[in-house]
DNA sequence: CATATAATTCTATATTCGTTGAAATATGGA
DNA sequence: TCCATATTTCAACGAATATAGAATTATATG
């Protein structure tokens, strides 16, 4: 990730409602959540939410897919991890002290190629 | 760290010049850098830089101290790490897959209580 | 087709942001 | 004290941001 992409992602997350949206999507995992459900959960007007979704999407932090009448938004872990990598790039250069700082779905242990159980 | 603090830190970093400033400070370590040196390095007007320093300082991302005629700015790793922790909080809940995501000075291996060498 | 649901688009508006230029403050040295 | 250096403060301005209201598009169902 380069600087402009990092700034875009940071700006997208630098807003209370969007940060809430993104955290809910991260917690929701790859299945994502319908726009309406998020609107209800966060008590936001649907058009306001659309505005915020656009920001998140332009920053590459979420994806959308249509499912019937609903639009399902889901977190893009790849971008999130690239951002974390960019932010920690200048820290403890070369030392292993710094963890990889990765973000993965919260509830992945279902259909994975058997590991840890 | 709570949401408002995270938003403040994200907003502070969500600007090209400020992100550059912060990364240079992170790379510079606890010794920090004089405002003038950063102004020269980034080719920014001194008053513009003051504006950005204020944002970073209000977000708790940097500290200042006077040294002669110069103002020395330094990164606050503590806040940076709290932000990283907040961002990765909802990721792979409970799994060790996610690293600790910490940010420490780049060149610390000098006066530490002997470890790893 | 008519209607309800889900979400988006468009327009407007108050607020905040980033930069600039001029003036002011603080420190150190002759 | 006088002057240069280092940085901040103040005022102004165009640009971007976040929200709200009204109208529109898309999908499903009777």
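Ranking B:57, A:65, B:23, B:69 by Cβ neighbours within 10 Å, fewest first, what do you get? Display every interim value, and only then the final one.
Values: B:57 15, A:65 10, B:23 19, B:69 7.
The fewest-first ordering by Cβ neighbours comes to B:69, A:65, B:57, B:23.
Return the Rg/Rh value of region A:3-93, two decimal places, where both radii are evaluated on C-alpha atoms and Rh is the Kirkwood radius.
Answer for region A:3-93: 1.01.
Using Cβ counts within 10 Å as a stand-in for footprinting exposure, how do A:71, B:80 rank, fewest first?
A:71, B:80
Between residue B:65 and residue B:17, what FRET efficiency comes out of the Förster formula 1/(1 + (r/R0)^6) with R0 = 25 Å and r the beta carbon distance, rounded to 0.05? Could you put the intermediate results ahead of the total?
Working: r = 22 Å, r/R0 = 0.87.
The calculated FRET efficiency here is 0.70.
Within a 10 angstrom radius of each residue's Cβ in B:19-25, how many Cβ atoms of other chains show up on average? Whole number is fine.
Rounded to a whole number, the mean comes out at 3.
Using a 10 Å cut-off around each Cβ, can you sort B:24, B:83 from fewest to most neighbouring Cβ atoms?
Lowest to highest Cβ neighbour count: B:24, B:83.
How far is residue B:37 from the same spot in each other copy, in nm, shortest first, if each label point sits 7 Å from Cα toward Cβ?
From this label point to the equivalent ones elsewhere in the assembly: 5.1 nm.
Rule-based calculations on the coordinates, nothing more; no lab input. Since this is a predicted model, take the numbers as computed values, not measurements. Here Cβ is always computed from backbone atoms with ideal geometry, including for glycine, and neighbour counts include all displayed protein chains.
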